[in-house]
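The values are calculated or read from the model by the stated rules, or taken from the named source; none is laboratory data. Computed from a predicted model, the values in this text were never measured in an experiment. Don't worry about glycine lacking a Cβ; one is built from the backbone with ideal geometry, like all the others, and counts go over all protein chains shown.
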Amino acid sequence: METTSKNISRRNFIKLSGLTGTALTLGFSFSASANELDIWNAAAAESSGVELNAWISIDTNGKVTLLNHRSEMGQGSFQSVPQMIAEELEVALDQVNIIFAPGNGRKYGSQVTGGSSTIRGSYKKLLRLGASAREMLIETAAKKWGVNKSDCYAENGSVIHRASGKKFHYGELVTEAAKLEPPKDVVLKNPKDYKLIRKPLPRQDTPMKVNGKAVFGLDFKLPGMLYAVVERSPRFQGKVIKWDDTETKKVPGVKHVLKVTRDEFGNMREGVAVVADNTWAAMQGRKALKIEWDDTAFPHHSTEELYTKMRDQVKGEMISFRTMGNTTSAFAKAEKKVEATYETPYESHSCMEPLNCVANVTDDKIEIWGPIQGPDWIQQNICSHFKLPPEKVIVNMTFLGGGFGRKAFTDYPYEAVMISKEIKAPVQVIWTREDDMTIGPFRPGMVYQCKGAVTGNGRIGSFETKISGQNMDMQNPGADKTSYNGSDTEGFLEGYFESIPHYSFGDSPLDSPVPVMWWRSVYSSTNAFAFESFIDELAAQASKDPIDFRRQHLGERYQLLMNKLEQVTGWKERGKNTGYGVAITECFSSIVGEVVKVSKTADGKIKIDKVWAVMDCGWYVNPDIIKAQVEGSIVMALGAATKHETTFKDGKAVERNFDAYKMPRIQEIPEIEVHIMDNEEKAGGVGEPGLPPFTPALTNAIFDLTGTRIRRLPFSLDKTA
Amino acid sequence: MASITLKLNNKNYTIEADPKMPLLWAIRDLAGLTGTKYGCGIAQCGACTVHLEGVPVRSCSVPVSSAANKNITTIEGLSTDNSTAVQRAWILEQVPQCGYCQSGQIMAASALLKRNPNPTDKDIDAAMQGHICRCGTYPRIRKAIKTAAQLMTQK
């Protein structure tokens, strides 16, 4: 695997991909001297010394290999990235072999799979790459036949001469095609002619996920590999004073006990690792450890203390980050006004695959394998800690058993590297479920204080939100705590900013030792609950239908989405004994509207009868993957709204496993119907934007049914009616 | 430590293990079959489900000694070619997202359909409620179980 650490030369890429013979390999260059949008033929790039990021290769058997630069954690990039390239390349998906790109930010651009960015960040480049290869193959065939290029076309991995029906398979053309310059301009297909894009094609990774063959991080093994678990400070910033491993070392299979650190936002946290020849022995050895911790240097917060502080802070001074007009005077003068405070809980990511990573540190390099969302970040992190150049640090991605933001973090690979370096053997670090649930980082808990007014004609006159919660960007040592990047309005529809005359958003960040991190849909996952609940409260104050109320403020793209929502839900014909709630949010350049229908059960509980979602993600690839992502986002939101939260007592996380952190189960899942808007807007995100609108749509529906506003999450559906 | 014979998917594996080691870790670390997953270690999530003498059990909570010499089926033992009705249905309905919990889900669904070839929604709830899917594939799991039931009648 050493080849992966060097510039991916054509030869190396061929080796890495298992391709045979001379191949046509195309990619993009990231070198400073070259235009990064230029598509390069690898043969030419190699002779001009241009470092190439290879994405696609076709060998003499016609086998196509694509390098997938993004993690596959369930969201479907393993399918959607090749589905795009294969479309323009005119090959069937089963002719395409997919391999994960090793982490290297310099070559692949950002590989951090976050912000729902896999498609929206790269689709135009990927389409052009496929089209360029196709044109080079057509040109080669036309030359061989002595005919005009325009008389030939590509289909199903072959170039065909229209008049004679003569045919070359791509494999017969690659040797010649590899000598050509990629075309400067290529014409992309008209979406009307798509054969693969926009089709609900089955995912290529499904077969290996129904028979145990898919290799997740936890399944990766190296010869002679040992297994490590780490006892970390139960309070977030505790330091090891001393430990006694007498009993640990008596456990059969235990090989090493050592102090380790891990990098948590640039702060080094401490723990004691137990390394054994199997996971169970390591766990037993850990149980027998006696560690003395110094945890005197930071406060031991409880949930009550954290929320008391946040409730105080929203009443105080704010750092203002997006304002228009003057909300204070507009609110003071208004006749119809509303004030409400919303609270959202801390949450654990709880990926089904707990954190883990394999590392093998040898004299000349560091190599890791794991479920990793941000391979390039990890490479940089390891390089800087261990003072190694990037070619000495190889980061390999396995499948991820969930990610949701947590697996973009660099702490667990760092731990694995440190242990392997110390014990001079390959090692897998495994976080138990309890570690995964209690050590963090968590989705931050938030408090929102909203004040708003409606005008005489039933429009929003002013909208003010004061937010307190931990800011993810402020945890690094030396972080600027006085200015904002504006991400705290995430989830709010851009259209409102154009139509509300007075608005203000301010933040008062909470200082706490609890580590926090992105959680699926990031700030939108909590903001949307406050914003869209409050819009609903304003609509009620204005005595308007919740969809009509929104219509007055929003432009054409939103209107089309609302039309669709009304149509698919039968909104205008909704019955008396049911509650309907709506919410529309914007997240990572996609707009999603959801409607929830609720009713009361005979024993007085709330039952969710149905959820409808309309996703407008602009240009899209695979409608079935979009539907799956929206279904999953709704289920995840249902859990955070009605089932689970992480609480703290005496500085420790209380919920340690699924017996206390209750997850939604199959019998609690309502029918979910997903629709996708067809348009040619720019591609937006898919993996996350379906999550934010669910919770406010649910609580708005409960208000519609019962007249009760729910302003704190989570709440129990059993106790609400 | 004890020498224990595990009959995994009709093949004998002789391992040296602490008799109290959960079957899960014996299967994964000692026999080297990694399709069976660790999710919680306390029988709350179902990711580690295998069949012990045909009955679905949480292998994280079964001591390896009590599984010695008994017939154990893991996800790898269902078929070598994804040919069982449940696996086919899982592919048809495109159930998995990340896929990590699906071994356990499939083992539970297979056991359900074996004893009840035509399960109702309530039967599905009862058999599957011990299984967590963080990706939220539950609607498709329900659909796939019904599809599998149909595929079984078509045989």
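Some notes on this structure:
- Matching residues in region A:260-297 - criterion: being more than 32 Å from the chain's Cα centre (by Cα) and not in a loop (DSSP other than H, G, I, E, B): A:Ala276, A:Ala281, A:Gln284, A:Gly285, A:Arg286, A:Lys287, A:Lys290, A:Ile291, A:Glu292, A:Trp293, A:Asp294
- Search result, residues across region A:417-462 that are assigned to a loop (DSSP other than H, G, I, E, B), over 29 Å from A:Ala540 (Cβ atoms) and among the polar types (S, T, N, Q): A:Thr432
- Residue match in region A:590-597 (condition: assigned by TED's automatic domain parsing to the domain that holds A:Gly458, at pLDDT 95 or above, charged (D, E, K, R) and surrounded by fewer than 19 Cβ atoms within 10 Å (Cβ to Cβ)): no
- Scanning region B:8-67 for residues being within 24 Å of A:Arg665 (Cα to Cα), in a strand (DSSP E or B) and either touching a Gly at 6+ places or on another chain (Cβ under 9 Å) or hydroxyl-bearing (Ser, Thr, Tyr) (or both) gives a total of 5.
For (1) surrounded by fewer than 24 Cβ atoms within 10 Å (Cβ to Cβ); (2) at positive phi; (3) outside any strand (DSSP E or B), each residue gets a yes or a no:
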residue	(1), (2), (3)
A:Ile368	no, no, no
A:Gln380	yes, no, yes
A:Ser384	yes, no, yes
A:Val395	no, no, no
A:Gly402	no, yes, yes
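Conditions tested, residue by residue: (1) crowded, with 22+ Cβ neighbours inside 10 Å; (2) assigned to a loop (DSSP other than H, G, I, E, B); (3) touching a residue at least 12 places away in the same chain (Cβ under 8 Å); (4) on the phi < 0 side of the Ramachandran plot.
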| residue | (1), (2), (3), (4) |
| --- | --- |
| A:Ser468 | yes, no, yes, yes |
| A:Tyr484 | no, yes, yes, yes |
| A:Trp519 | yes, yes, yes, yes |
| A:Ala528 | yes, no, yes, yes |
| A:Phe534 | yes, no, yes, yes |
| A:Leu538 | yes, no, yes, yes |
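- Output for region A:327-356, where each listed residue is more than 14 Å from every other protein chain (Cβ to nearest Cβ), in contact with a strand residue (DSSP E or B) (Cβ under 6 Å, 6 or more places away or on another chain) and among the polar types (S, T, N, Q): A:Thr327, A:Thr341, A:Thr344
- Within region A:345-362, the set of residues being in a strand (DSSP E or B) and under 17 Å from A:Lys662 (Cβ atoms) comprises A:Tyr346, A:Glu347.
- When the criteria are applied in full, B:Ser65 fails the requirement of being surrounded by fewer than 21 Cβ atoms within 10 Å (Cβ to Cβ) and more than 23 Å from A:Ala276 (Cα to Cα).
- Among residues of region A:605-626, those that are surrounded by fewer than 23 Cβ atoms within 10 Å (Cβ to Cβ) and part of a helix (DSSP H, G or I), counted: 2
- Residues of region A:644-661 that are within 12 Å of chain B (Cβ to nearest Cβ) and either farther than 29 Å from B:Ala47 by Cα or surrounded by fewer than 17 Cβ atoms within 10 Å (Cβ to Cβ) (or both): A:Asp659, A:Ala660.
- Single residue of B:Ile42, B:Ile15, B:Ile27 found to be surrounded by fewer than 24 Cβ atoms within 10 Å (Cβ to Cβ), in contact with a Ser or Thr (Cβ under 8 Å, 6 or more places away or on another chain), touching a residue at least 40 places away in the same chain (Cβ under 8 Å) and within 11 Å of chain A (Cβ to nearest Cβ): B:Ile15
- Count - residues of region B:134-145 that are out of contact with any helix residue (DSSP H, G or I) (no Cβ under 7 Å at 6 or more places or on another chain) and free of Cβ contacts under 8 Å to residues at least 12 places away in the same chain: 0
- Note on region A:442-484: residues that are over 22 Å from A:Lys407 (Cβ atoms) and of a type outside the set (Ser, Thr, Tyr) amount to 24.
- Among the candidates A:Val210, A:Val240, the residue that is surrounded by 22 or more Cβ atoms within 10 Å (Cβ to Cβ) and either within 30 Å of the chain's Cα centre (by Cα) or away from every other protein chain (no Cβ under 14 Å) (or both) is uniquely A:Val210.
- Listed by position, the helices (runs of 4 or more DSSP H) inside region B:71-133 whose residues that are more than 7 Å from chain A (Cβ to nearest Cβ), basic (Lys, Arg) and touching a residue at least 60 places away in the same chain (Cβ under 8 Å) number at least 1 are B:85-92, B:102-115.
- Taking the criterion of being basic (Lys, Arg) and farther than 20 Å from B:Leu78 by Cα, the residues of region B:99-139 that qualify are B:Lys122, B:Arg134.
- Selection status of A:Asp205, within 14 Å of another protein chain (Cβ to nearest Cβ), surrounded by 20 or more Cβ atoms within 10 Å (Cβ to Cβ) and at pLDDT below 95: yes
- Test result for A:Val614, in contact with a Gly (Cβ under 6 Å, 6 or more places away or on another chain) and hydrophobic (A, V, I, L, M, F, W, C): yes
- Residue within region A:621-641 that is more than 15 Å from A:Ser716 (Cα to Cα), in contact (Cβ under 8 Å) with a residue 24 or more places away in the chain and more than 14 Å from chain B (Cβ to nearest Cβ) present: yes
- Residue in region A:662-672 that is in a strand (DSSP E or B), within 11 Å of chain B (Cβ to nearest Cβ) and surrounded by fewer than 21 Cβ atoms within 10 Å (Cβ to Cβ) present: yes
- With respect to the stated conditions, B:Val57 is at pLDDT 95 or above, surrounded by fewer than 24 Cβ atoms within 10 Å (Cβ to Cβ), within 25 Å of A:Leu355 (Cα to Cα) and more than 9 Å from chain A (Cβ to nearest Cβ).
- Single unsatisfied condition, A:Met268 versus (1) within 13 Å of chain B (Cβ to nearest Cβ); (2) within 20 Å of A:Ser420 (Cβ to Cβ); (3) surrounded by fewer than 16 Cβ atoms within 10 Å (Cβ to Cβ): (1)
- In region A:65-91, residue nearest to A:Pro191 (Cα to Cα) [restricted to those that are modelled with pLDDT of 90 or more and out of contact with any Lys or Arg (no Cβ under 8 Å at 6 or more places or on another chain)]: A:Ala86
- In region A:512-520, the count of residues that are more than 22 Å from the chain's Cα centre (by Cα) and assigned by TED's automatic domain parsing to the domain that holds A:Ala453 is one or more.
- Set A:Arg550, A:Arg557: member being at pLDDT 95 or above, within 20 Å of A:Pro501 (Cα to Cα) and either assigned by TED's automatic domain parsing to the domain that holds A:Arg712 or of a type in the set (Lys, Arg) (or both): A:Arg550
- Count - residues of region A:688-714 that are over 10 Å from A:Ala641 (Cβ atoms) and not in a helix (DSSP H, G or I): 11
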